[in-house]
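Single-structure report; data block below.
The values are calculated or read from the model by the stated rules, or taken from the named source; none is laboratory data. Note that this is a predicted model, so its numbers are computed, not measured. Every residue, glycine as well, gets a Cβ built from its backbone with ideal geometry; the counts of neighbours run over all protein chains shown. Side chains included, ligands, DNA and RNA excluded: accessible areas come from the protein's heavy atoms. Shrake-Rupley method; radii C 1.70, N 1.55, O 1.52, S 1.80 Å.
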Amino acid sequence: MPDLYPLARRILFSFDAETAHHLTLWGMKMAHSAGFLSGLTGGKKSIDSNPLEVMGLTFPNRVGLAAGLDKKGEAVSALGDLGFGHVEIGTVTPRPQPGNEKPRLFRLKEYEAIINRMGFNNPGVDGLLENVSRSRKEFDGVLGINVGKNFDTPNEDFLSDYLDCFEAVYGAADYVTANLSSPNTKGLRDLQSADTCRELIQKLQEKRDELKPMHGDKSVPIVIKIAPDLSDGAIKGLAEVFSETKIDGVITTNTTIERAAVSGHPQAEEAGGLSGAPLTDHSTEVLALLRREMDDQVPIIGSGGVMAAADAQAKFDAGAALVQVYTGLVYRGPELVREIAGLG
Ligand SMILES: Cc1cc2nc3c(=O)[nH]c(=O)nc-3n(C[C@H](O)[C@H](O)[C@H](O)COP(=O)(O)O)c2cc1C
């Protein structure tokens with residue numbers, strides 16, 4: 001089967017980035033419903049290509065979709081057709097919110113990069129769960145649900161937003177990620193201080209103890225997603241917290257506010273988080289540092305600039321158990337998923 005993505009990409013890139021995003025999701029859902037998406041992408045062959053146990057869950061392979069592409073949880077099975085072993089949906093907040101004003105998504109094609117300041121546009125946790133009940137029916141992989149706080153919840157009340165989302169998604173999620181690292185919600189990344197993070201993890205673990213018996217003894221792994229813009233000292237401090245609390249997993253990293261790698265590009269100074277090729281190396285360095293500093297029982301999921309199988313391999317070599325892609329999918333298409341899923 002020839003790779004049709006270069007053609008699809010030429011068409012999609014003729015639209016502005018957010019329109020292209022909606023067209024892609026819509027097209028995938030249609031092709032999935034008509035039953036030809038997985039044949040078109042060859043994705044089904046990737047599922048179960050290299051199954052492994054992480055966080056007590058069986059992942060069909062080592063590559064997943066990073067949060068933010070399916071914020072509404074409306075295309076889980078369609079995304080599974082691309083060959084992802086896990087799909088992380090969200091970020092979802094307790095109440096629906098529209099996100100930031102448009103334009104808020106920019107392609108920096110020359111750098112194989114994206115800048116986004118979407119601002120957690122999402123249907124709220126109830127809306128997401130309604131979508132998931134329909135969209136995950138034919139998905140055989142692992143479903144992660146990524147949770148955050150509403151933009152207008154003051155930071156001093158952040159705990160209730162995370163706990164409410166955790167409780168609401170507990171039954172539907174295979175694992176839950178607490179996103180503390182989006183640069184597009186004011187003050188969110190301040191929650192990455194060691195003390196705040198410890199408090200959040202402990203409260204989530206207490207909530208899990210309460211919820212477990214109500215869900216047939218199901219214990220949902222808790223994952224924290226961190227930014228690439230932390231100092232080495234801050235990463236070491238967090239490593240201690242993660243080891244101490246025995247968190248189930250950590251995702252390194254979210255997008256960066258750093259712009260040095262794209263300076264001079266006409267859109268380099270757009271506010272938001274930069275993802276894709278300019279993030280690859282630094283995000284792998286953060287992963288490697290965390291791996292060295294943290295209890296080796298805590299798995300790391302590597303996200304940030306996985307644009308080729310070699311980038312995924314570098315993250316595995318640095319100690320990642322799994323990797324996730326977002327921007328690489330935009331530039332390379334589903335072939336990237338197959339390439340990574342096939343890594344030994
Ligand atoms: C348009 C866009 C929206 C995103 N939204 C979210 C989000 O809602 N929650 C989150 O945790 N990460 C979000 N991310 C970050 C990605 O999940 C990923 O961690 C980051 O982009 C680095 O990986 P990449 O270089 O493969 O894109 C978003 C990324 C992009 C490009």
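Values computed for the structure shown
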read-out	value
Selection within segment 289-344 - in a helix (DSSP H, G or I) and β-branched (Val, Ile, Thr)	327, 330, 337, 340
Count - residues of segment 124-151 that are farther than 20 Å from residue 38 by Cβ and aromatic (Phe, Trp, Tyr)	1
Where a residue in segment 294-309 is farther than 21 Å from residue 234 by Cβ and open to solvent by 10 Å² or more (accessible area, probe 1.4 Å) and its partner, wherever it lies, is of a type in the set (Val, Ile, Thr) and at pLDDT 95 or above, with Cβ under 6 Å and at least six apart	309/340
Residues satisfying the stated conditions in segment 42-80, i.e. more than 21 Å from residue 125 (Cβ to Cβ), away from the ligand (no atom under 16 Å from the Cβ), in contact (Cβ under 8 Å) with a residue 60 or more places away in the chain and open to solvent by less than 40 Å² (accessible area, probe 1.4 Å)	42, 43, 46, 47, 54, 55, 57, 59, 60, 61, 80
Selection status of residue 39, out of contact with any Cys (no Cβ under 6 Å at 6 or more places or on another chain), farther than 26 Å from residue 173 by Cα and either without any contact (Cβ under 8 Å) to a residue 40 or more places away in the chain or part of a loop (DSSP other than H, G, I, E, B) (or both)	yes
Every pair of residues 6+ apart whose Cβ atoms lie under 7 Å, when the first sits in segment 109-125 and is free of Cβ contacts under 8 Å to residues at least 40 places away in the same chain while the second is among the hydroxyl-bearing types (Ser, Thr, Tyr) and more than 9 Å from the ligand (Cβ to nearest atom)	124/93
From 339, 285, 258, 269, residue being among the charged types (D, E, K, R), farther than 18 Å from residue 85 by Cα and touching a Lys or Arg at 6+ places or on another chain (Cβ under 9 Å)	269
Residues of segment 311-342 satisfying the condition of being among the aliphatic types (A, V, I, L, M) and more than 14 Å from the ligand (Cβ to nearest atom)	318, 321, 341
Answer residue from segment 81-95, given it is more than 11 Å from the ligand (Cβ to nearest atom) and part of a loop (DSSP other than H, G, I, E, B) and is surrounded by the fewest Cβ atoms within 10 Å (Cβ to Cβ) among those	95
Candidates 205, 192, filtered to the one that is on the phi < 0 side of the Ramachandran plot and within 15 Å of the ligand (Cβ to nearest atom)	192
Matching residues, segment 277-289, being within 13 Å of the ligand (Cβ to nearest atom) and surrounded by 15 or more Cβ atoms within 10 Å (Cβ to Cβ)	277, 278, 279, 280, 282, 283, 284, 286, 287
Selected residue (only one of 261, 310, 277 is small (Gly, Ala, Ser) and touching an Asp or Glu at 6+ places or on another chain (Cβ under 6 Å))	277
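Rundown of residues vs (1) in contact with a Pro (Cβ under 6 Å, 6 or more places away or on another chain); (2) open to solvent by less than 40 Å² (accessible area, probe 1.4 Å); (3) in a loop (DSSP other than H, G, I, E, B), yes/no style:
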| site | (1), (2), (3) |
| --- | --- |
| 208 | no, yes, no |
| 212 | no, no, no |
| 217 | no, no, yes |
| 224 | no, yes, no |
| 261 | yes, no, no |
| 264 | no, no, yes |
| 267 | no, no, yes |
| 275 | no, yes, no |
